[in-house]
Amino acid sequence: MVTVLRLGHRLSRDRRVSTHLALVARAFGATRMLMTCRDERLERSVARVCESWGGDFRIEVVENWRTFLRRWRGVRVHLTMYGEHVDDRIQEIRSAGGELLVIVGAEKVPAEVFELADYNVAIGHQPHSEVAALAVFLDRYFEGRELHRDFGGKLRVVPMARGKRVEER
């Protein structure tokens, strides 16, 4: 089971990026995303996606992220451009087994997170989107298998070389 922890979420600034982060988390194999504050609009938006496109992804709120991180019994991976390259650690992370927590920041991440994480992992050592970092990390972690998953939703894309088609089941 993979959980994504979104540290920080400024309602006025981060709603769109947090929504994209949740959609990527869902599509690339995570089972839930934890937020440090409640955003009912975001929760409803993601619930509508799951209702139409399938899956059981959910968003939950963590009241105290520090306590949550300290008590987490699985592997804690912090995605940061300052960490070790993903290719140098992904096999070790995959082999660790158990539940995986992927920590993604919205604003400046407190230094404490770097210490609480089991791994500080970088997708690249350049500024880039946390959405992109999560997508690349989960793709590497699951070795691309999640891209072939059938979510069992009411709607399904029919792959085509040209055009687009969505069918209802």
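What net charge is computed for the residues neighbouring ILE93, neighbours being all others with C-beta under 13 Å from the C-beta of ILE93, Lys and Arg scored +1, Asp and Glu -1?
-3
Using only the Cα atoms of the chain, build the gyration tensor, take square roots of its eigenvalues as a ≥ b ≥ c, and label the shape rounded, prolate or oblate: rounded if a/c is under 1.5, else prolate if a/b is larger than b/c, else oblate.
prolate
How much net charge surrounds GLU143 when only other residues with a Cβ under 14 Å from its Cβ are counted (Lys, Arg +1; Asp, Glu -1)?
Value of the local net charge: +1.
Once you list every other residue whose beta carbon is under 15 Å from the beta carbon of ILE123, what net charge do they have if Lys and Arg are +1 and Asp and Glu are -1?
So the surrounding residues net to -3.
Taking the Cα centre of the chain as the origin and placing charges on Cβ (Lys, Arg +1; Asp, Glu -1), which of LEU116, LEU21, VAL104 is farthest toward the positive end of the dipole?
Checked the options; the winner is LEU21.
Which log10 I(q)/I(0) values does segment 33-113 give at q = 0.12, 0.17 Å⁻¹ under the Debye formula, counting every alpha carbon as one identical point scatterer?
At q = 0.12, 0.17 Å⁻¹ the computed log10 ratios are -0.47, -0.89.
Check every DSSP H run in the chain and write down those whose alpha carbon atoms cover 20 angstrom or more along the long axis and whose mean Kyte-Doolittle hydropathy is -1.0 or greater.
Helices meeting the span and hydropathy rule in the chain are 11-27.
Beta carbons within 10 angstrom, averaged per residue: use that to sort the peptides 20-26, 144-150, 109-115, 53-59, highest first.
Result, highest mean Cβ count within 10 Å first: 20-26, 53-59, 109-115, 144-150.
State to the nearest 20 debye the size of the charge dipole of segment 2-168 about its Cα centre, where the only charges are +1 on K and R beta carbons and -1 on D and E beta carbons.
With Lys and Arg at +1 and Asp and Glu at -1, about 580 debye.
Readers should treat all values here as calculations from the given coordinates under stated rules, not as data from a laboratory. Note that the structure is predicted; figures quoted are calculated from it, not measured. Every residue, glycine as well, gets a Cβ built from its backbone with ideal geometry; the counts of neighbours run over all protein chains shown.
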